[in-house]
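Asker: There's a structure below that I have some questions on.
The values are calculated or read from the model by the stated rules, or taken from the named source; none is laboratory data. Predicted model, so just to flag it, every value in this text is computed and none were measured. So basically every Cβ, Gly included, is an ideal-geometry build from the backbone, and we count neighbours across all protein chains shown.
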Amino acid sequence: MTTFKALWVDKKANESIYSLSLIDRKVDALPAGDVLVQVQYSSLNFKDALSAKGNKAVTRQYPHTPGIDAAGIVKQSSDNRFQPGDRVIVTGYDLGMNTPGGFGGYIRVPGDWVILCPEPLSLRDSMIFGTAGLTAALCVEKLLQMGLAPDQGDVFVSGATGGVGSLSVAILARLGFSVAASTGKLERADYLTELGASKVIDRETIADGSERPLLPESWAGAVDTVGGDILFNIIKSLKYGGSVACCGLVSSPSFQATVFPFILRGVNLLGVDSVELSREKKEAIWQLLAGQWQPDGLEKMTTEVCLAELPEYIESIFKGKQVGRVVVNLQEI
């Protein structure tokens, strides 16, 4: 337990190009914390790819080990809520941002970041969900809180082949909703229908119409994972009183807006964050994902890789090629 393998992001002095390598790290070099976890699984997210490319808005200090998600076994704990041998999940907060993350064989973190993995969820399946699953579930929960019901019509999901999008489609379908899944990868339409989508819509269809103040009422609710003008086109397309849960900015963090949809149709824009969410709220969401909200066919959206393969998959995110979820098996170094 003295050393472990980790993905290492670094750059040479006076250069802006960051390099990724697999190195041996010492457990003693990890920062102080209440709980030492031997990581068995992690997952690859857009924020991890940004951290691996040296994005200072995500990670300020390098060298660094990314990985905003981790699932594993407690090895040491000074927090009496956790004992050696406990199966645990850590997502969000500062993990993988400025605290060494789940792309290494061990993490040491504050006890308030740690959640017991609920039965009967496996550690591997918890990382198929990961931050993407938490975010998707929070989006669905907000829509339900606003009164969304299956008999009101289609629920729109943008960026549907991505991690949050795929899980949003699957969870909504699991709960009996008719899902209209939007993607720029129409060649993956079969993938989306297998997850439960009732309709697959070309992204260009929803991207058109940004100059109009309102669009035809089409969606009872929506989950938006991309931001930008697509988000506002969704808002303009909501049925009267409908809501969109917003959680992403891969297209753009800004959009041109008017008040017309809000004051003429009474629609709602709901912000969703899973990073600084309270531990208690995370526990409640994990219970739903482990139980009644767990969709069928998680494996259909999952690619499993080892640490050494991660650089290739990080590049695929920036090329727009990633589909579904990438689970990192740290038992297979």
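Asker: Of all residues in the range 256-315, count the ones that are in contact (Cβ under 8 Å) with a residue 40 or more places away in the chain, part of a loop (DSSP other than H, G, I, E, B) and over 23 Å from residue 168 (Cβ atoms).
Answerer: Residues flagged as in contact (Cβ under 8 Å) with a residue 40 or more places away in the chain, part of a loop (DSSP other than H, G, I, E, B) and over 23 Å from residue 168 (Cβ atoms) within the range 256-315 amount to 2.
Asker: Does residue 103 meet the test of being modelled with pLDDT of 95 or more and within 19 Å of residue 307 (Cα to Cα)?
Answerer: Against the criterion (modelled with pLDDT of 95 or more and within 19 Å of residue 307 (Cα to Cα)), residue 103 qualifies.
Asker: Could you tell me which residue of the range 116-152 is farthest from residue 270 (Cα to Cα), considering only residues that are polar (S, T, N, Q) and in contact with a strand residue (DSSP E or B) (Cβ under 6 Å, 6 or more places away or on another chain)?
Answerer: So, considering only residues that are polar (S, T, N, Q) and in contact with a strand residue (DSSP E or B) (Cβ under 6 Å, 6 or more places away or on another chain), the one farthest from residue 270 (Cα to Cα) is 126.
Asker: Are any residues in the range 180-233 in contact with a Gly (Cβ under 6 Å, 6 or more places away or on another chain), within 22 Å of residue 45 (Cα to Cα) and among the small types (Gly, Ala, Ser), and if so, which ones?
Answerer: Within the range 180-233, 227 is the sole residue that qualifies.
Asker: Give the range 146-167 a look and list any residue that's over 18 Å from residue 235 (Cα atoms), of a type outside the set (A, V, I, L, M, F, W, C) and out of contact with any Leu (no Cβ under 8 Å at 6 or more places or on another chain), or say none.
Answerer: Correct list: 151, 162, 163.
Asker: For the range 140-172, what are the residues that are surrounded by fewer than 24 Cβ atoms within 10 Å (Cβ to Cβ) and of a type outside the set (A, V, I, L, M)?
Answerer: 141, 142, 145, 147, 150, 151, 152, 153, 154
Asker: Now, a different point. Could you say which residue among 49, 71, 32 is small (Gly, Ala, Ser), touching a residue at least 40 places away in the same chain (Cβ under 8 Å) and in a loop (DSSP other than H, G, I, E, B)?
Answerer: Only one candidate passes the filter, namely 32.
Asker: Got at least one residue in the range 256-271 being in the same structural domain as residue 162 (by TED's automatic domain parsing) and of a type in the set (Ser, Thr, Tyr)?
Answerer: Scanning the range 256-271 turns up at least one residue that is in the same structural domain as residue 162 (by TED's automatic domain parsing) and of a type in the set (Ser, Thr, Tyr).
Asker: Check 272, 267, 259 and return the single one that is in contact with a Cys (Cβ under 8 Å, 6 or more places away or on another chain) and β-branched (Val, Ile, Thr).
Answerer: One residue alone meets the criteria, 272.
Asker: Could you tell me whether residue 121 is surrounded by fewer than 24 Cβ atoms within 10 Å (Cβ to Cβ), farther than 30 Å from residue 63 by Cα and over 17 Å from the mean Cα position of the chain (by Cα)?
Answerer: It is true that residue 121 is surrounded by fewer than 24 Cβ atoms within 10 Å (Cβ to Cβ), farther than 30 Å from residue 63 by Cα and over 17 Å from the mean Cα position of the chain (by Cα).
Asker: Something else about it: Could you list all residues from the range 195-204 that are surrounded by 15 or more Cβ atoms within 10 Å (Cβ to Cβ) and in a helix (DSSP H, G or I)?
Answerer: 195, 203
Asker: Mind checking which residues of the range 157-194 are part of a loop (DSSP other than H, G, I, E, B) and among the charged types (D, E, K, R)?
Answerer: Scanning the range 157-194 gives a single hit, 185.
Asker: Considering every residue within the range 56-64, establish whether at least one is in a loop (DSSP other than H, G, I, E, B), on the phi > 0 side of the Ramachandran plot and at pLDDT below 95.
Answerer: no
Asker: Here is a further query. May I ask you to list the residues in the range 69-93 that are among the acidic types (Asp, Glu) and within 15 Å of the chain's Cα centre (by Cα)?
Answerer: Listed by number, the list holds a single entry, 69.
Asker: Next question, about the same structure. Mind listing just one residue for me: the one in the range 316-333 that is modelled with pLDDT of 95 or more and not in a loop (DSSP other than H, G, I, E, B) and, of those, farthest from residue 8 (Cα to Cα)?
Answerer: Among them, the one singled out is 325.
Asker: Please state which one of 116, 30, 50, 95 is within 30 Å of residue 250 (Cα to Cα), out of contact with any Leu (no Cβ under 7 Å at 6 or more places or on another chain) and surrounded by fewer than 21 Cβ atoms within 10 Å (Cβ to Cβ).
Answerer: 50
Asker: Right, here's the next one. Residues that are out of contact with any Ser or Thr (no Cβ under 9 Å at 6 or more places or on another chain), touching a residue at least 24 places away in the same chain (Cβ under 8 Å) and farther than 21 Å from residue 192 by Cα: find the strands (runs of 3 or more DSSP E) completely inside the range 78-156 holding 2 or more of those.
Answerer: Strands (runs of 3 or more DSSP E) meeting the threshold: 87-91.
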